[in-house]
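Written out below as structure tokens is the structure these notes cover.
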Amino acid sequence: MMILLLVLPLAAALLMLLWPRIAPLLALFSAAVCSFLALQLLLQVSEQGTRYWLLAGWPSGLAIAWQADTLSCLLILLTAVLQLLVGFYAFATRARDKLSQGFWPLSSLLQLSLTALWLSRDLFNLYVCLELLALVAVALVSLSGRKAIKPALNYLLLSLFGSLCYLLGVVLLYGAYGRLDIAGLVSQWQPNLLTNSALLLMSLGLMLKAALWPLHGWLPAAHAAAPAPVSALLSALVVKGPLFILCLLWLQLASTEQAQAMAPLFAGAGLAALLFGGWSALRTPFAKNLVAYSTVAQLGYATLALGLMLKFDQPLIFAALWLFVLAHALAKAACFLAIGEMSGTLGGKRLTTLKGASQTMPLAMFAFAVAGGSLIGLPPSGGFLAKWALLQGLWLQEQQLFWPLALVLATLLSAAYVFRVVVLAFDRADPVAPDFSPQVLPQWLALLPALAVWAMALFSEPLLLLLRLEAL
Amino acid sequence: MSVGGELSVISTLLSSALLLTGLLFFIAGSVAMLRFPDSYSRLHAVTKADSLGLGSIIAGLMFYCNWWQNLLMLLIWLLVLASGTVSCQLLARFCKTKQDQA
Amino acid sequence: MVEFSSSLNLFLATAATLVAIGVYGFIVGPEPLRRIVALNIISAGIFMLMVVLAYRSAGPDAVSTLADPVLHALVLTGLVVAVSATAFALALLARLGKTTADRPEEPGP
Amino acid sequence: MSLLLFDVLLCGLLLALALASVLSRQLSHAVILYIAFGLLMALTWARLAAPDLALAEAAIGAGLTGALCFTALARQGKLAASPTLSWQQRCWPALFVLVTLFGLLLLVLQLPAKPGPLPALVMQQLAASGVSHPVTAVLLNFRSWDTLLELLVLLLALLGTLQVAPAPVYQSSWVLSRSWSQLLAPLIIVLAGYLLWAGAHQPGGAFQAGALLAAGAVVLKLNHQLNWLAWRNIWVRFFAIAGLTVFVAAVLTAWLLSGALAEPVWLRWPPELAKYIILLIEIFATLAIAITLTLLVVAEQPATPLSLARQEDDEAADG
Amino acid sequence: MSPFWLSYLPLAIILSSLLPGLIIFTLKEQQVKLRIALNLLGVTVKLVLVLIMWQAVKAGAVFYFSVPFLPGAELVLQGDALSLLFVVLSSVLWLATTIYAIGYLENSPLRSRFFGYFSLCVSATVGLALSGNLVSFLLFYELLTLATFPLVVHRGTPEALAAGRRYLAYTLSGGLLLLTGVALLHSLVQSPQFIPGGYVSAVVSEHAGLLQLAFGLMIAGLGVKAALLPLHGWLPQAMVAPAPVSALLHAVAVVKAGAFGIIRLVYDVFGVDSMQQLQLAEPLMLLAATTILYGSWRALAQQDIKKRLAYSTISQVSYITVGVAMLGPLAAVGGLVHLVHQGVMKITLFFCAGNYAETLGVHKINELNGAGRRMPLTSVAFTVAALGMIGIPPTAGFISKWYLGLGAVATDNSLMLLVFVFSGLLNAAYFLPIVYRLWFLPQGGNWPKEQRLSATLETHWMLLLPMLFTAVLIILMGVFASTGVSPLSWTQLIVEREFSYD
């Protein structure tokens, strides 16, 4: 099953290169099957517990280690499902958007690289996965042609730099301990200057790749320049890869003292990202940039949760961290698809194009608003769930008033930028007329993840339980 | 660097002389490339001096190796010679066309 | 033995300095191509570090088979990854140059 | 002592070249210096008991990257002189980098002098791996998943490059260079085959061989030979992905063969077949690498709708 | 306890407005008949269901319906006496408002959207009334914000958008404060179901400070919607919405949601004993009293009819809070019954204001001169409601103020008594002049010619009927206050249950 999850997208991508004609069908088919398999895997793992593999059966240390815990399985499922959804969207709009054929194999490869990343527990293998991810992402961004080349190049260069920082850290660790698998490293780990620096170097690289504040500069341009389905994938999934590794490093490898020392930095960076990203989203005149800045801000929640997790070591906060990631992935996919749909139909990149969109394209606008509700954290959405878990975790610590306050402030900012769009959409004075009659199916596809993120609340108890177990 | 069997004094002297000559040619060629005024003379200096330099270095090294290695080294020299010639011609032609255009 | 360890340290220091030089080039730039070259210098420095680390296990009397093969394999993988990324970056760069050249009203970078 | 002197000289030259490449006034100088740097690096690695890597670096690191850089330079068109930077723009990064350097030096000198446990482990398991050269064993057996992904990275770079590649430019080629390249071709094929075969027990292997083949193909391609070697040709596409395809097929076959076991292990070669499987993979990987690298260097817009260049050029022509 | 389907009754009550709402969204603009039919069907079904529930609750039953949600906090719908008070109020007034809105919005664009959100808004209100614990309450509280926002900005004019922004800024911040408070309380005592006497008493001695903080946060959150003093800013501005929306916001949905939340918080979360131990009642009461006086004072100065009504709402809703915060049974009866009475009276006033605006184009008070002769029925209704607001017998307003006064006496709050008297005077001071202008001054404004909206009546019958219905209700609730079906007797039942938990 595991193998099919990896082989299927790969085989599909290879076949697509040979016969581009059937590419969309192949991509959709593989994504659909993978979604099903991932669900199976999740159920299996949640029943039978975490599974650990040494690839090819070589002794530990020599072989690349894989681990399928519930978190990995959840992320694999998320990847496959979003892939399927975005694939459908791209298929539905292919005639209009003139999306290049190149999208299909790349999107399958994106799924493959992410799945490989979620599974891997080997530092060097993670490096290869990261590079793969970065190249896929950049290739996807460059699909939109001329205007995307510069952001794509910028993205690629910074991403490469980040990978090299990460690699340097890996090499230092290998030099010190002579092994690469995380489990093996944990058993020999000693907090000293070497491991400190290695961790810092790797974190620097990963933060650059995950666009965590203050290394987020490349993200808005790159995500805004990409075609709508690509932006959805990038924002929803790609930036989460490095974040995942960052969590692995700090939650599993780092010793308690190291984690404690790093906690305020992460928490501070997260808070700064929330404030800065929110503020920039409020100021930008372009619709897609707004959503991209919102990604920066929302990643701040995850960073903040990571920092607080390191500080307080609360399983609830860990759950909150991944709930943020899940909820954000779904909500952001909906946002980008909806915005892409609206600016495609209404013809313009500026926010002002969305004037009166609640009349001209009510469904897409509704999708955006619903997804925005989750970004803000209104109940009963996934975002609310995450915020609730974080607050619960925080209140369990005595005398913590600063962080809840900061959360409130950040939430207000996100509400401000989401409703900046919504209010504009209700402007009835002179609505922007669509260039052509809006398509209904893509709008529904944009609405789907938004509804899914609200439906997350229905599964909140099992979700919280699963994720909380994972932290121990 | 691997060192073969014992060598006679004359052979050692001869090989050292050849190696030094080769080195001299290389240095001369490199200096010429840096100092000469135009592309043609640079090309001229580099290709000729380097071919010759490589030849004498290989000749110098031949004292240390067995026949099979010598054969390979000769082959390498021939290849470099030929490719140097071709690339020199190519570059010269390119310069010419550029000059004509200007 | 002393010579071996001082050689080792020399190479280690060189590798670190190469990384630093590359980082300087990457930060200062200013042309994208030079940044790409600088990135390659960084990766060369890191690979060199790996090779030196592999060389550690060879010991003073160097015999090739004793160097750490895992690190060598990693460097090989890393090299291919680096060259792939470089190739893509250069292709993007060429396209960028062409795009800016197409539109003379826009001053180039 | 003389070896140490050699080392010092080598390191000094490496640093000087790297620094010069970063600081040089003109981009073309930077590229040339970088190529020299790469060659010297290959030498360094040979010195450091890594002949595999020396080969790879000479072919891929220096040769290919250099060729790519020059292609990019040429495609960029007329080169503007590098903008001059004020000293603040240079000084502050330099200061920062110096601090970093100091830290890095401190770090790398702290690394323990004794190696980790893995080399011994590799030697211990080498017999079961199906090949006698430990690097190949690591690449294609112990850590074959990395290698699979790495092939994928290469393919991906090609896909990305094709997407943004420009339309082909036709230039006449010269008779002498054409015939010379034709003369070289068989030699290169033989050499590549040798490298591939050697990889099983001594330095060499798929990547080195592939890179060599690619070099030959690039030369021929630049002389307008091998016109069939383009992405639009389905067979070229087929062989470009053949490395991965065979890899995956082998994985699946091995998996199914061991399917009788309770817990089939992913990527495990049956020990008695390992040698052949690895050889098969290497052959196809060599071909794939050669084709991919060639197309990377001489990337031109394919006829398939993979690229955006044409449609955009049309738009530009309209506007 | 009861047949299987009865346990789904609370859910059915919510769905009876939610489902028609969702269907209405998908309707085309021209499908007027279908839309009206759906609306009325929803209202009827809801009223029937509420009636069934009313019967059962009166007999002592309590309904529960729960789905799993957060750990330690299920999504509970609970039908008890208090929730039913609010459910009945909102259902009945929804009926009136729907009919009114159909008439009011005839031939205006985007009606599908309007009625869709309208139904959502009522669903959220009913859900809020039925929610059985704080987390469910929070959920519906936020949904209510979202559902009302499109109604506020429905006109899409710059003023409407500005008002919408302001409304959102206030209510979302409020929701957030509420969320923080609920989360804090949840971490202390989880979120069990609402229960008379509250559930925090176990930790009062241990976490007094945190409990006070949580109470403060939640009151701040609820106070935004209940328009308590520093948080009332959105209400007067939200007047730009269409009249039915204003009516709904003021009488039923938003403002009452805040007030209702305060009631739940004080009685069923903290409980009277804990409130006293934590000394939370006094500040709340003082704040509410200040709001009463401030609202009345500002109302005096307003020249726009709807603005004056808005400030009046700010003042009147705080009567409920004061009644609750006095912590005495009699005062509680007064506060609770005012929840209903104020709703009916205020909705009548807004209907009237809407009628004047729609028929005569009048928005300012000084343009109303002599309107009593042109629109006698509307003016009579207005007069009745205004008298009720002041608290003149035999209207409903008198009943609630009477009980509030009694409560103040019973709990020894002479200060509050003073406040009531003074505020009553202010009420009279800003309502009586309007009544005077209506009946005793000659016609001033330039009114459009007669019979524009209706051939025989003073205005469209759909605008007239709901208004008369509620006006009659005001009188009936006052006159028949002591009978078994009056709101007063129902609140007495609630208070009996709330205060006799031990």
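For the range E:90-243, a simple Cβ point-charge model (Lys and Arg +1, Asp and Glu -1, everything else neutral) yields a dipole of about 320 debye relative to the Cα centre. Here the sum of -39500 (n - 2.57) over DSSP H runs of 4 or more residues, divided by the residues of chain A, equals -25500 deg cm²/dmol at 222 nm, to the nearest 500. Counting, for every residue in A:385-396, the Cβ atoms of other protein chains within 10 Å of its Cβ and taking the mean gives 4.
Please state the shape class of the range C:2-102: rounded when a/c is under 1.5, otherwise prolate if a/b exceeds b/c and oblate if not, all from the C-alpha gyration tensor. Oblate, because a/c is 1.5 or more while a/b does not exceed b/c. For a paramagnetic label modelled on residue D:273 (point 7 Å from Cα along Cα→Cβ), amide N atoms under 16 Å away belong, within the range D:138-152, to D:141. For the range D:267-301, backbone nitrogen atoms closer than 11 Å to the point 7 Å from residue D:257 Cα along Cα-to-C-beta are found at D:268-278. Normalised Debye scattering of the protein assembly as shown at q = 0.08, 0.09 Å⁻¹ gives log10 I(q)/I(0) of -0.99, -1.16, counting only Cα atoms as equal scatterers and leaving out solvent. Distance between the pseudo-spin-label points of residue E:108 and residue E:48 (7 Å out from Cα toward the beta carbon): 3.2 nm. Taking 0.36 nm per residue of separation and subtracting the Cα-Cα distance, full extension of the segment from residue A:444 to residue A:412 would add 8.7 nm. Pairs exceeding a 32 Å alpha-carbon distance, out of A:332/E:307; A:355/E:306; A:332/E:306: A:332/E:307; A:332/E:306. Helix E:32-58 and the longest principal axis of the Cα set of chain E meet at an angle near 40°. Taking Cα atoms only, the orientation of helix E:111-130 departs from the longest principal axis of chain E by about 30 degrees. Computing FRET efficiency as 1/(1 + (r/R0)^6) for residue A:193 and residue A:21, where r is the C-beta to C-beta distance and R0 is 45 Å, gives about 0.20. Computing FRET efficiency as 1/(1 + (r/R0)^6) for residue E:429 and residue E:364, where r is the C-beta to C-beta distance and R0 is 22 Å, gives about 0.75. Picking from E:81, E:12, E:102, whose Cα lies most toward the positive end of the charge dipole for the range E:1-126 (charges on Cβ: Lys, Arg +1; Asp, Glu -1)? Going by the Cα projections, it comes out as E:102.
Look at the dipole of the range C:2-102 built from charges on Cβ: of C:5, C:73, C:44, the Cα furthest out on the positive end belongs to C:44. In this simple spin-label model, placing a label point 7 Å from the Cα along the Cα-to-Cβ direction at both residue E:273 and residue D:238 gives a separation of 8.6 nm. For residue B:98, a cut-off of 25 angstrom between C-alpha atoms picks up these lysines, skipping any fewer than 8 places away in its own chain: B:48, C:98, D:78, D:221.
The overall shape of the range D:1-76 is oblate: from the C-alpha gyration tensor, with semi-axes ordered a ≥ b ≥ c, the ratio a/c is 1.5 or greater and a/b is no larger than b/c.
Helix E:81-104 and the longest principal axis of the Cα set of chain E meet at an angle near 20°. By definition, a body whose alpha carbon gyration tensor gives a ≥ b ≥ c is oblate when a/c is 1.5 or more and a/b is not larger than b/c, and the range E:27-90 fits this oblate description.
Summing charges over neighbours of residue E:87, with a neighbour being any other residue whose Cβ is under 15 Å away from its Cβ, gives +3 when K and R count +1 and D and E count -1.
Extension gain, residue E:422 to residue E:59, is 126.6 nm, computed as 0.36 nm per intervening residue step minus the present C-alpha separation. Each Cα pair under 8 Å and six or more residues apart adds its separation to the average, and for chain E the resulting relative contact order is 14 percent.
For a paramagnetic label modelled at 7 Å from the Cα of residue E:482 toward its Cβ, which residues of the range E:384-417 fall within the zone defined by backbone nitrogen distances under 19 Å? The answer is E:392-407, whose backbone nitrogens lie closer than 19 Å to the label point. Taking other C-beta atoms within 10 angstrom as a stand-in for reagent exposure, A:197, A:460 fall in the order A:197, A:460, fewest first.
The label-point distance for residue A:252 and residue D:197, in a model that sets each label 7 Å from Cα toward Cβ, rounds to 4.4 nm. Taken along its three principal axes, the alpha carbon spread of the range A:259-360 comes to 50, 23, 15 Å, from the longest extent down to the shortest. Taking each DSSP H run with n ≥ 4 as -39500 (n - 2.57) and averaging over every residue of chain E yields -23500 deg cm²/dmol at 222 nm.
When only Cα pairs below 8 angstrom with a gap of at least 6 residues are kept, the range E:152-309 shows a relative contact order of 30 percent.
If R0 is taken as 45 Å, the Cβ-Cβ distance between residue B:85 and residue D:280 corresponds to a FRET efficiency of 0.65.
The mean number of Cβ atoms from other chains found within 10 Å of a Cβ in peptide E:180-190 is 4, as a whole number. What the phi angles of the range D:234-243 give under the Karplus curve with 6.51, -1.76 and 1.60, with θ = phi - 60°, is a coupling list of 5, 5, 5, 4, 4, 6, 5, 9, 5, x Hz, glycine and proline written as x. With 19 Å as the limit, the listed pairs E:225/E:256; A:150/A:288; A:147/A:209; A:98/A:147 have A:147/A:209 beyond it between alpha carbons. Descending by average beta-carbon neighbour count within 10 Å, the peptides B:14-27, D:126-139 line up as D:126-139, B:14-27, the highest first.
Each reported figure results from applying straightforward, stated rules to the coordinates on display, with no laboratory input. Being a predicted model, the structure only gives us computed values, none of them experimental. Cβ sites come from the backbone with ideal geometry, for glycine too, and all protein chains shown count toward neighbours.
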